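The block underneath contains the structure these notes are about, expressed in structure tokens.
The values are calculated or read from the model by the stated rules, or taken from the named source; none is laboratory data. Note that this is a predicted model, so its numbers are computed, not measured. Because the Cβ atoms are built from the backbone with ideal geometry, glycine has one as well, and the counts that use them run over all protein chains shown.
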Ligand SMILES: [Zn+2]
């Protein structure tokens, strides 16, 4: 224990900077500090300084408090207010990599971060809601545009089919915004492919055939004619179809 007093605490100039490269791990098995030889059990913190594996006491981090990940605003503020902070990781056996668990920061910094974040929580949630609304608006616009583009190319495509295709395309599209991305998706080839996929899944036995054959090529070959026929039909202007059905009826 006496030895630990000889170390250079990271609060000192120079050492503080070094500490930014340090990583603290939550132990998954028993270990010991390379300096004071104290035993550290599963679930305890250990600091990797690059040269040594140290207990928090020897690393000069024992004055810090653990702040688990979860609230982005609190973590961001605590990081800002703390003179020193260290990232805390834990090795995940299942995923074979280390995952961030939180940070060690000064208790006063964490308290201040928590208080400030509680004070403007409503404002932040309001901003989030506004952003969600904005996204919804963009999505609706996208669906409408896509549906119109489908209708131009396939005037005979029933409205509910057009909307369904557009909604599906929008789900794939979501996250990507910008005119160039949208334009790419509104070109005739992209629309044709979207329409074909829709017909295949909604108007043929493709899904059942795929399950039975376990082979995409075989299943696709069997429904190809049916898809082509429906594409031909949808390419016809609605008027002529109405005349046709009028004649039939
Ligand atoms: Zn130690």
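Key figures
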read-out: Residue ID - nearest to residue 109 (Cα to Cα), chosen from residues in the stretch 75-96 that are surrounded by 20 or more Cβ atoms within 10 Å (Cβ to Cβ) and out of contact with any strand residue (DSSP E or B) (no Cβ under 7 Å at 6 or more places or on another chain); value: 77
read-out: Filter result (free of Cβ contacts under 8 Å to residues at least 60 places away in the same chain and loosely packed, with under 14 Cβ neighbours inside 10 Å) within the stretch 21-31; value: 21, 29, 30
read-out: Some residue of the stretch 228-238 being modelled with pLDDT of 95 or more, in contact with a helix residue (DSSP H, G or I) (Cβ under 8 Å, 6 or more places away or on another chain), crowded, with 19+ Cβ neighbours inside 10 Å and part of a helix (DSSP H, G or I); value: yes
read-out: Pick from the stretch 66-79, criterion at pLDDT 95 or above and in contact with a helix residue (DSSP H, G or I) (Cβ under 6 Å, 6 or more places away or on another chain), ranking: nearest to the ligand (Cβ to nearest atom); value: 67
read-out: Candidate set: the stretch 28-41, residues that are in a loop (DSSP other than H, G, I, E, B) and within 13 Å of the ligand (Cβ to nearest atom); chosen: the one nearest to the chain's Cα centre (by Cα); value: 33
read-out: Count - residues of the stretch 194-214 that are over 20 Å from residue 164 (Cβ atoms) and not in a helix (DSSP H, G or I); value: 1
read-out: Meets criteria (in the same structural domain as residue 27 (by TED's automatic domain parsing), in a helix (DSSP H, G or I) and away from the ligand (no atom under 16 Å from the Cβ)) for residue 103; value: no
read-out: Count - residues of the stretch 116-162 that are more than 28 Å from the chain's Cα centre (by Cα) and in a helix (DSSP H, G or I); value: 10
read-out: Given (1) assigned by TED's automatic domain parsing to the domain that holds residue 228; (2) modelled with pLDDT of 90 or more; (3) touching a helix residue (DSSP H, G or I) at 6+ places or on another chain (Cβ under 7 Å), number of the condition residue 142 does not satisfy; value: (2)
read-out: Top-ranked residue in the stretch 42-65 [being more than 14 Å from the ligand (Cβ to nearest atom) and surrounded by 15 or more Cβ atoms within 10 Å (Cβ to Cβ); ranked as nearest to the chain's Cα centre (by Cα)]; value: 65
read-out: Residue count for the stretch 173-193, restricted to those that are modelled with pLDDT of 75 or more and either surrounded by 18 or more Cβ atoms within 10 Å (Cβ to Cβ) or not in a helix (DSSP H, G or I) (or both); value: 4
